[in-house]
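This report concerns only the one structure given below.
The values are calculated or read from the model by the stated rules, or taken from the named source; none is laboratory data. Just so we're clear, the structure is a prediction, and the values are computed from it rather than from any experiment. Here the Cβ is made from the backbone with ideal geometry for all residues, glycine too, and neighbour counts use every protein chain on show.
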Amino acid sequence: MNEDWSWTDQRYLLAVMAADKNGNLAPLIVLLREQPLSRSAAELVADLLERHQLKRWPSGQSRPLYDPLSDADIKLLSAATGYERRPYETRDQAMERVAKEEGVDEEELRRLLNQDGPRAQRLLQHYRRLRG
């Protein structure tokens, strides 16, 4: 390792070496989310990307952060984030009212609020990643 490199650059080097050796990108992903890239670290990551083809995980791939949500997804998330029970309402009545006010499917809203089903999980994951 280059002795002039910072501790973070050295961590990036080790993560890139691990990705080269066994294809494990997890340490690199953690670093990218936690530490800013210096010019040296950016060169290491760029070199890695130039030499390797990105592949999907066997279980499939989640929607990328930059992929915009559909209008229906945005409308559903908006309804869910604005969901609030009034003192005299049951949970079911509140969901029915919010779904009607926001123009969304009540069952989809219920699944999202209950974090139930693949669409709800995908929307919540996307929402959390956008919020940081």
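Worth a mention:
- Hits in the stretch 1-56 (condition: surrounded by 10 or more Cβ atoms within 10 Å (Cβ to Cβ), among the polar types (S, T, N, Q) and under 22 Å from the mean Cα position of the chain (by Cα)): Asn24, Gln35
- In the stretch 106-125, residue farthest from Asp71 (Cα to Cα) [restricted to those that are without any contact (Cβ under 8 Å) to a residue 12 or more places away in the chain and of a type in the set (Asp, Glu)]: Asp116
- Top-ranked residue of the stretch 71-112 - restricted to ones that are closer than 13 Å to Tyr127 by Cα and out of contact with any Asp or Glu (no Cβ under 8 Å at 6 or more places or on another chain), ranked as modelled with the lowest pLDDT: Thr81
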